[in-house]
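Student: Dropping a structure here in structure tokens format, bear with me for questions.
The values are calculated or read from the model by the stated rules, or taken from the named source; none is laboratory data. Every value quoted in this text rests on a predicted model; they were computed, and no experiment measured them. Glycine gets a Cβ as well: all are built from the backbone with ideal geometry, and neighbour counts include every protein chain shown. SASA here: full protein model, heavy atoms, side chains in, ligands and nucleic acids out. Shrake-Rupley method; radii C 1.70, N 1.55, O 1.52, S 1.80 Å.
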Amino acid sequence: MTAKPKVGVYICHCGINIASTVDVETVEEYAQKLPNVKVARTYSYMCSEPGQVLIKEDIKEQGLNRIVVASCSPRMHEPTFRKAIQEAGLNPYFLEMANIREQCSWVHEDTGEATEKAKKLITASVAKVRLLEALESKEVDAEPAALVIGAGIAGIQAALDIADAGFKTYLVEKTPSVGGRMAQLDKTFPTLDCSACILTPKMVDCASHPNIELLSYSEVEEVGGYIGNFDVKVRKKARYVDFDKCTGCGDCASECRVADRFPSEFDQGMGKRSAIYLPFPQAVPAKYTIDPESCLYLSRGKCGKSPKCQEVCGAGAINFEQEDEFVEFKVGAIIVATGFDPFDASRKPEYGYDDYPNVITGMEMERLVSASGPTGGKVLISNGEEEIEPKEVAFIKCVGSRDESVGNEYCSRVCCMYTAKQAHLIREKLPDANIRIYYMDVRAFGKGYEEFYDRVRRENVRYIRGNPSEIFKRGNKLVVKAEDTLTSTPLEDEVDMVVLGVGLEPRADMRKMMDLLRLSQSPDRFFLEAHPKLRPVDTATDGVFLAGCCQGPKDIPDTVAQAKGAASSALIPLARGKVTIDAQVAEVNETTCRGCGFCVEICPYSAIEMVTVNQFGHEVEVARVNEALCKGCGSCSAACLSDSIQPKSFRDRQILPQIAALGAMK
Amino acid sequence: MSTESQTFTEKYDLLGCIQCGRCTGGCPVTVRADLNVRQFVNDAYDEDKLGQLARLAEIWDCTACHTCAVRCPKGLKPLEVLIGLRSMIVESGKVEPTVRDALQSVLLEGNPWEKPRATRQDWMEGLDVKIAEPGVHVENLFFVCCTNAYDPRVQVTAKNLVKLLNKAGVDYAFLPEDESCCGSEVFTLGEEGLFEMTVEDNTEYLNEFKADRMVTLSPHCFTTYNTHFPDLKNPVIHYTQLMDELIQEGKLAWKGELAKKIVYHDPCYLGKQSGIFDEPRRVLKSIPGVELLEFERSRERSLCCEGGGGKMWVESESKKERLAETRIKDAKELGADIVAAACPFCVLTLEDAMKTLGYEEEMRVAEIMELLGEFTEA
């Protein structure tokens, strides 16, 4: 069915990467003599324009119909060379890469042995390339809509960008309001913009944008399908408040029988809220929500004679009969922007966070210095009798970061700067306070950060190099036990207040998202991107992108930049309207498939399902591959008892001769 | 792992240190001694300087409480650097006679107290003690510990335990008189060769006995077996864990009331190093009438009594207040009637401090087992 194979072998020097270890000329000479090889050449950089031209001209002039490129990993340049041979009129899948760099020159020192290995690898590739079949990649329509999960600054920005580009965007937020962590912050380093002032316009925009459907107090329950065609199911949790009727007046919350009794999540538990509440005054949407756990009526079935909120609501918006609702829709791309959890300071019991009210976390300090916070922005501590201003304030950095003893080896990237910023804010409010920051290193890497660190130091904030080991109480004072490592002096530093610069951790409930979207974790447990440098917002699941701290700790500028990157990546299938499905997928031979279903269970991408087909008048079950989901990994093929499912380009009849060629060479 | 092939830097992972100072910051003895363990970790990188470092007197101030190791963000054990330096001195033979004699006694008699092996079971006199036999299964195999066996002050721990086990009908047996020291203090004194031999010999010896678990009386034996003896067949627990179990199962009955305020002192080897905080407290709380107090510095932040790290055989040169005295003063301020501990070393050092301070009339230091013995019946 195909013409006699005429193979061209192209051996790359990769500068000196390959050529300094592999004798490429000898390999070229050897390759020329291999069966079916019409031409073999070497070139300094095969991936360069002239290198590609070399291949293209040979194809045309010498009538080559199969190409072997002996260079780097196929992960690197397989797409490059496929495109090149396609431009010369060949089927792009008539290509085989022999990896003589990562798997040869980079890992061997002896030129003789490396050269012999390169020969073997090329022999094997030639053996295989002769047997490759022409494949066609397919295109399917992409749904012109996107789903963004999480409405912190990352999710908000990504949603706004996609919506501005003209596509429908579903923005799903778990809590009653958009805004996320950034809404809780007071001022932002290093420019000291008020966080709420720069965030709230974006929050309002994403609720009013004609292309954004905001699903607040909602969670993604199911995701099916594949890039371009995801089927999404979202649970809209019952607020027990009629969304359309609620005017946000707040009468309910002030009249609630358990008004201001419960720790406010927004104020990090330092302020109180009622059972029916708006998380914070600028919340979007400005709709009240009843917390079923703290509401007397919902948790105990009784609230006085009748629920107070219901009595006072002029709009008649309270509805205790409300139930969760489900909405289903289709999208072409998904952005995950689920954020982070602050490190739980209780996990470092030596700092006494659970025991001492005046040991607080950085997130708590944000609320304490905020004009909208529980103290109206006054920095106050309790001395047991009254609220006073602290005189001696200590910050401790790297709490829960760079610390193997709590399993977090990574640097959280924001604590150095938020600590400096908070020291500055305290200096403004308490000009006479003695402020010191205990540090191991100061990482002020961003634009304007080092300058800010400089400024804060000159505002008489002492930086003491040493990471404290323990905090205990002596009388009314907190004793910070540390060492000033620059002078080798052990210290027992008596202070009034300690701020723990807690780091950022992956969300405790991230497993759910991993299962829904087939995401994995990097060693730091944050979501794993497809490539740490070149595909930083992509994931292993096509069409699913990452934005913000769910991928790793980030400051606001980096988060916004990444959100914009994720949005632009998500826009590619939406704008194109089509997605290309890779041709190297598994294929089932339905006449030999025994319908055992092993492959269905083993497939890591849930790409195989069992279907009933009619064969010779009999209804039989066979496996069928969803080509859009299949990654061609071959797990199914290894498990199949009857060799009925095989990935194209990696069929037994193609790879066994390749393996044999490796073994035959001694 | 062969130590010969490793440099000092590799053995203690000195290059992993980021000089953050949490070790020295947490070190309890810095308030009274010139020890800066971080500085040692820093300086020991220079192999030429090791001899000089080993001759510094402060390496003997370390109590091996392990706070430095527990707090280290990079998984280093700074105290072991000091132990490594001690071992250079031990190897050269230039150690205090007290240390030399203790080590020799472990080698010859199986205990550091210079007592004959033949008298290891004298504490059992007058008691009906079940003795373990190799190969014969028993649920709870008891390892008494040299200090509990020989020191007249803390023998009561073992004695009361036997009475209580007999009454409660627990399936148990104590190891016979060929039981030898666990090597905890041999390790911290830096006698590497003897410790290696102890691990080999004790592993072989203890594995001859079939048990569901081995119960240790001293937290030092408990933690040493659990961290340095990888090939032990029987799991190792501390006796407070067993007592906690017996109380939960209702196997102990109380007689009378102990209407006292008790403050529990967490032994470093039981608490900080092994995470056993709640069992001893539950045991104490279950005694009728007891009001349990807490030190300001308790649990993970407990203050060391300075009994470990071979300090039983090395006198500190510092004239400043001993940590055990600080501890007793704190207890007095709390209004405690009894300072309870679950470790023979803690009992000895705390009681000594109490006597030095002259609080004998108003206060008492007691092993938990002492109190249980007084207030339980089967």
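Student: Going by amide H atoms built from the backbone, whose H comes under 5 Å of the H on A:TYR226, apart from near neighbours?
Tutor: When sequence neighbours closer than 5 places are left aside, the close amide H contacts are A:ASP231.
Student: Along each of its three principal axes, how wide is the spread of alpha-carbon positions in region B:228-285, in whole angstrom units, largest first?
Tutor: 44, 25, 12
Student: Quick one: pull the percent of accessible area on region B:219-345 belonging to carbon and sulfur, 1.4 Å probe, ligands and nucleic acids left out.
Tutor: 44 percent
Student: Would you compute, from DSSP H runs of 4+ residues alone, the mean residue ellipticity of chain A at 222 nm, taking -39500 (n - 2.57) per run and dividing by the full residue count, rounded to the nearest 500?
Tutor: -8000 deg cm²/dmol
Student: Another question, then. Provide the descending list of Cα extents for the protein assembly as shown along its principal axes, expressed in whole angstroms.
Tutor: So the extents along the principal axes, rounded to whole Å, are 105, 87, 70.
Student: So what is log10(I(q)/I(0)) for region A:147-201 at q = 0.18, 0.31 1/Å, when the Debye sum runs over its Cα atoms only?
Tutor: Values, matching the q order: -0.62, -1.16.
Student: What is the set of long-range amide H partners of A:ILE335 at a cut-off below 5 Å, with H atoms built 1.01 Å from backbone N?
Tutor: A:LEU147, A:VAL148, A:ILE149, A:PHE545
Student: For B:ASP101 and B:GLU360, FRET efficiency with R0 = 25 Å and r from the beta-carbon atoms, rounded to 0.05?
Tutor: 0.25
Student: Any idea of A:PHE326's accessible area? Nearest 10 Å², probe 1.4 Å.
Tutor: Here the residue's solvent-accessible area equals roughly 100 Å².
Student: Turning to a different aspect of this structure: Accessible area per residue, 1.4 Å probe, Å², for region A:341-505: what's the number?
Tutor: With the other protein chains kept in place, region A:341-505 gives 37 Å² per residue.
Student: Using the Kirkwood radius over C-alpha pairs as Rh, can you work out the diffusion coefficient of region A:96-236 via Stokes-Einstein at 20 °C, viscosity 1.002 mPa s, in µm² per second?
Tutor: 109 µm²/s
Student: Something else about it: So what's the projected area for region B:278-332, the Cα convex hull averaged over all directions, in nm²?
Tutor: 5.2 nm²
Student: Using 10 Å bins from zero, what percent of all Cα-Cα pairs in region A:356-452 falls into each bin?
Tutor: P(r) over region A:356-452, rounded to whole percents: 14, 44, 31, 10, 0.
Student: Just how many % of Cα pairs in region A:431-505 lie over 16 Å apart, if you round to the nearest whole percent?
Tutor: 57 percent
Student: Based on a Kirkwood Rh over C-alpha pairs, give the Stokes-Einstein translational diffusion coefficient of chain B at 10 °C and viscosity 1.306 mPa s in µm²/s.
Tutor: Answer from the Stokes-Einstein relation: 74 µm²/s.
Student: Related question: Rank-order A:531-544, A:88-101 by packing density, defined as the average count of other C-beta atoms within 10 Å over each peptide's residues, highest first.
Tutor: A:88-101, A:531-544
Student: Moving to a separate point now. When the solvent-accessible surface of protein heavy atoms is calculated with a 1.4 angstrom probe, in what order do A:GLU350, A:GLU311, A:GLU113 fall, highest first?
Tutor: Final ranking, largest accessible area leading: A:GLU113, A:GLU311, A:GLU350.
Student: Could you work out how far helix B:323-334 tilts from the main Cα principal axis of chain B, as a 0 to 90 degree angle to the nearest 10?
Tutor: 40 degrees
Student: Let me ask something else about it. What does the structure give for B:296-303 when I average, per residue, the other chain Cβ atoms found within 10 Å of the residue Cβ?
Tutor: For this peptide, the per-residue mean of nearby foreign Cβ atoms is 5.
Student: Let me ask something else. What's log10 of I(q)/I(0) for region A:450-557 at q = 0.10, 0.13 Å⁻¹, Debye sum over Cα points only, no solvent?
Tutor: Once normalised to I(0) and log-transformed, intensities are -0.54, -0.75.
Student: Which one of A:PHE598, A:ALA142, A:VAL69 has its Cα pushed farthest toward the positive end of the charge dipole of the protein assembly as shown, where Lys and Arg give +1 and Asp and Glu give -1 at the Cβ?
Tutor: A:ALA142
Student: Using Stokes-Einstein with the Kirkwood hydrodynamic radius over Cα pairs, what translational diffusion coefficient do you get for region B:252-377 at 4 °C and a viscosity of 1.567 mPa s, in µm²/s rounded to a whole number?
Tutor: The diffusion coefficient I find is 88 µm²/s.
Student: Report, by chain and number, residues whose modeled amide H sits under 5 Å from the one on A:ARG257, excluding near sequence neighbours (fewer than 5 apart, same chain).
Tutor: Those qualifying (amide H under 5 Å, at least 5 residues apart or on another chain) are A:LYS308, A:CYS309.
Student: Please give the total accessible area that chains B and A bury against each other, computed with a 1.4 Å probe and expressed in Å² to the nearest 100.
Tutor: 2200 Å²
Student: In whole Hz and in residue order, list the ³J(HN,Hα) couplings for region A:514-527 that follow from phi through the Karplus curve 6.51 cos²θ - 1.76 cosθ + 1.60, θ = phi - 60°; x for Gly and Pro.
Tutor: 5, 5, 5, 10, 6, 9, 10, 10, 7, x, 7, 6, 6, 5
Student: Ignoring ligands and nucleic acids, what accessible area does A:GLU49 show with a 1.4 Å probe (Å², nearest 10)?
Tutor: 120 Å²
Student: Same structure again: Wrap a convex hull around the Cα atoms of region A:341-505, take a quarter of its surface area, and give that in square nanometres.
Tutor: If I average the Cα hull's projected area over directions, I get 9.6 nm².
Student: Continuing with this model, one more query. Leaving out ligands, DNA and RNA but keeping every protein chain, what accessible area does A:ARG462 have, in Å² rounded to the nearest 10, with a 1.4 Å probe?
Tutor: The value for A:ARG462 is about 140 Å².
Student: OK, next. Given the pairs A:LYS287/A:LYS308; A:LYS138/A:LYS648; A:LYS4/A:LYS60; A:LYS83/A:LYS138; A:LYS187/A:LYS429; A:LYS481/B:LYS311, which are separated by over 19 angstrom at their Cα positions?
Tutor: Check vs 19 Å cut-off fails for A:LYS481/B:LYS311.
Student: In peptide A:469-475, what is the residue-averaged number of other protein chain Cβ atoms found within 10 Å of each Cβ?
Tutor: 5
Student: Two-decimal Rg/Rh of region A:553-658 from alpha-carbon positions, Kirkwood Rh?
Tutor: When Rh is taken as the Kirkwood radius, the ratio is 1.18.
Student: In sequence order, what are the phi-derived ³J(HN,Hα) couplings for region A:327-338 according to the Karplus relation 6.51 cos²θ - 1.76 cosθ + 1.60 with θ = phi - 60°, rounded to whole Hz, with x for glycine and proline?
Tutor: 10, 10, 7, 10, 9, x, 8, 10, 10, 9, 9, 8
Student: Ranked from highest to lowest mean number of other Cβ atoms within 10 Å per residue, what is the order of the peptides B:46-52, B:349-355, B:264-270?
Tutor: Top of the packing list down: B:264-270, B:349-355, B:46-52.
Student: Which number comes out as Rg/Rh for region B:8-92 once both Rg and the Kirkwood Rh are worked out on C-alpha atoms?
Tutor: Rg/Rh for region B:8-92 comes to 0.92.
Student: So how strong a dipole does chain A carry about its Cα centre when Lys and Arg Cβ are +1 and Asp and Glu Cβ are -1, to the nearest 20 debye?
Tutor: The dipole of chain A has a size of about 940 debye.
Student: Let me ask something else. What part of the accessible area of chain A, given as a whole %, is carbon or sulfur when the probe is 1.4 angstrom?
Tutor: Carbon plus sulfur share of accessible area: 50 percent.
Student: Now for a different question. Compute the relative contact order of chain B as a whole-number percentage, counting only Cα pairs closer than 8 Å that sit 6 or more residues apart in sequence.
Tutor: It rounds to 17 percent for chain B.
Student: How much area per residue is accessible in chain B when the probe is 1.4 Å and only protein heavy atoms are counted (Å²)?
Tutor: About 40 Å² of surface per residue is accessible.
Student: Same structure, new question: Among the listed pairs A:LYS447/A:LYS564; B:LYS94/B:LYS233; A:LYS533/B:LYS11; A:LYS237/A:LYS533, which have their C-alpha atoms separated by more than 28 angstrom in this model?
Tutor: Those over the limit are B:LYS94/B:LYS233; A:LYS533/B:LYS11; A:LYS237/A:LYS533.
Student: Given charges of +1 on the Cβ of Lys and Arg and -1 on the Cβ of Asp and Glu, with all other atoms neutral, how large is the dipole of region A:288-400 about its Cα centre, in debye to the nearest 20?
Tutor: Computed charge dipole of region A:288-400: roughly 160 debye.
Student: In Å², and per residue, what accessible area does region A:251-312 have when probed at 1.4 Å with the other protein chains present?
Tutor: 51 Å²
Student: So how do A:CYS249, A:CYS636 rank on accessible area, 1.4 Å probe, biggest first, that is with the largest at the start?
Tutor: A:CYS249, A:CYS636
Student: Check each residue of region B:15-47 and keep those whose accessible area, probe 1.4 Å, is at least 40 Å² smaller with all protein chains in place than in the chain alone; give them in order of residue number.
Tutor: Going by heavy-atom accessible area, the residues of region B:15-47 that drop by at least 40 Å² are B:ILE18, B:CYS20, B:ARG22, B:GLY25, B:ARG38.
Student: Per residue of A:436-443, what is the mean number of Cβ atoms on other protein chains within 10 angstrom of that residue's Cβ?
Tutor: Per residue, the average neighbour count from other chains is 2.
Student: Just from its helices, what would the mean residue ellipticity at 222 nm be for chain B, if runs of 4 or more DSSP H residues each count -39500 (n - 2.57) and the sum is divided by every residue, rounded to the nearest 500 deg cm²/dmol?
Tutor: Roughly -12000 deg cm²/dmol at 222 nm, from the helical runs in chain B.
Student: If you don't mind, there's one more thing I want to ask. Give a residue-ordered list of calculated ³J(HN,Hα) values for region A:170-176 (Karplus: 6.51 cos²θ - 1.76 cosθ + 1.60, θ = phi - 60°; whole Hz; x for Gly, Pro).
Tutor: Using θ = phi - 60°, the values come out as 9, 10, 9, 10, 5, 8, x Hz.
Student: Now, a different point. How do A:VAL232, B:VAL95 stack up against each other in accessible area, from largest to smallest, with a 1.4 angstrom probe?
Tutor: B:VAL95, A:VAL232
Student: Please state, rounded to one decimal and in Å, the Kirkwood hydrodynamic radius that region A:251-312 gives when every pair of distinct Cα atoms enters the mean of 1/r.
Tutor: Averaging 1/r across every pair of different Cα atoms and inverting gives 11.7 Å.
Student: Rounded to two decimals, what is Rg over Rh for region A:7-136 when you use alpha-carbon atoms and the Kirkwood radius?
Tutor: That ratio equals 0.94.
Student: While we're here: Can you give the % of DSSP beta bridges in region A:101-241 that are antiparallel, to the nearest 5?
Tutor: Among the beta bridges of region A:101-241, antiparallel pairing accounts for roughly 55 percent.
Student: Okay, next question. Could you size up the charge dipole of region A:449-549 around its Cα centre, putting +1 on the beta carbon of Lys and Arg and -1 on that of Asp and Glu, and report it in debye to the nearest 20?
Tutor: Computed about the Cα centre, the dipole is about 160 debye.
Student: Also: Test of understanding: express the Cα radius of gyration of region B:98-245 as a ratio to 2.2 N^0.38 Å, with N the residue count.
Tutor: 0.98
Student: How long are the semi-axes of the equivalent ellipsoid of region A:479-523, taking √(5λ) for every eigenvalue λ of the Cα gyration tensor, in whole Å from largest down?
Tutor: 42, 14, 6
Student: Sticking with this one: Would you please put B:224-235, A:406-417 in order of how densely packed they are, using the mean number of other Cβ atoms within 10 angstrom per residue and starting with the highest?
Tutor: Final packing ranking: A:406-417, B:224-235.
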